[in-house]
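Below: one structure, written as structure tokens.
Nothing in this text is a laboratory measurement; each read-out follows from the coordinates by a stated rule. These figures come from a predicted structure and were not determined experimentally. Positions of Cβ are backbone-derived with ideal geometry, glycine not excepted, and every protein chain shown enters the neighbour counts.
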Amino acid sequence: MHRPLRTAHGLPEWGRCGVMGVINVTPDSFSDGGRWFDTTAAVKHGLDLVAEGADLVDVGGESTRPGALRVDEEEELRRVLPVVRGLVGEGVLVSVDTMRASVAERAVAAGARLVNDVSGGRADPDMVPVVAEAGVPFVVMHWRGQSVDMNDRAVYGDVVREVTDELRSALDQAVAGGIAIERVVVDPGLGFAKNAEHDLALVAALRELDAALGRPLLVAASRKRFLGRVLAGEPGSAPPPARERDAATAAVSALAARDGAWAVRVHEVRASADAVRVARAVAEAAR
Ligand code: PMM
């Protein structure tokens, strides 16, 4: 018997692991930087992601790649809001990827239905109250500080235990701040203050994280450095560029779906949409 799929109140149920397509409206995101910087192109890309099987589209205006500096609020709003409006106008389920309460608030007013905060509410003290007031689902990601120096914080004794404990504490803070627990999604934050070994250990422990935290799990492995390391093979070999990591991403999507993830967050949707459907068919066939 399979346990029932976890759900986030306020969002549709897909009956399988969902697929969140990514649009980075940034000149410098590590994997697709600069490609969707123009509003029209970004909206068109979001519609293409939905046509390829995305259940929802995550729109972000600030790069969080290691070493990235913050963009200012006005610039983030200028990047994100027109794309949110354009996609919502086309009937797309939109999530906003931001660490700023003001951006979350304006994006929700423009029709975004989920707030995805890589800092899990820690970067901006107004985030939790704003999301609580808006009554939308909230992604709490494991985070140890801003991207500019996060690699220095990739220090763990037992990465699975520490990420679980720190995520639980961020989850508790969100709930204490008024966000209904039924609306909280958790995310181990692959690549954020983590090296390749840490990321792999977390992917290997998704069932454990799911059981320990008891909330829907979002898994965002797409094109990340740990996949580059795996694909590079021999130590010292150069990893393939980010855009050549989509098949590896789909492999993680299949594993995550098998292990009960609520959704995967990916740049290239088609392969992951297939992967989560195959995972569901296999789960249904299991006796
Ligand atoms: N990673 C990135 C951006 N947003 N959101 C969540 N919830 N989890 C993540 O791991 C995550 C995220 C960075 O990757 P990108 O620049 O390719 O979008």
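Model label sites at residue 126 and residue 14, defined 7 Å from Cα along the beta-carbon direction, differ in position by 3.2 nm. Please give the FRET efficiency for residue 70 paired with residue 277, using the beta carbon to beta carbon distance and R0 = 45 Å, rounded to the nearest 0.05. The formula returns an efficiency of 0.75 here. Relative contact order, whole percent, for the chain stands at 20, derived from Cα pairs under 8 Å and 6 or more residues apart. For the chain, modelled as a GNM whose springs connect Cα atoms under 10 angstrom apart, the maximal fluctuation among 24, 116, 151 occurs at 151.
Charge tally around residue 204: other residues with Cβ under 11 Å, Lys/Arg +1 each, Asp/Glu -1 each, net -3. Just checking the listed ones, 241, 66, 216: in the Gaussian network model of the chain with Cα springs under 10 Å, the one fluctuating most is 241. Tally Lys and Arg at +1 and Asp and Glu at -1 over the other residues with C-beta under 15 Å from the C-beta of residue 281: what net charge comes out? So the surrounding residues net to +3. Annotation: extensible slack from residue 165 through residue 133 equals 8.9 nm (criterion: 0.36 nm per residue apart, minus Cα-Cα distance). Largest GNM mean-square fluctuation across 230, 203, 83, computed for the chain with C-alpha springs under 10 Å, falls on 230.
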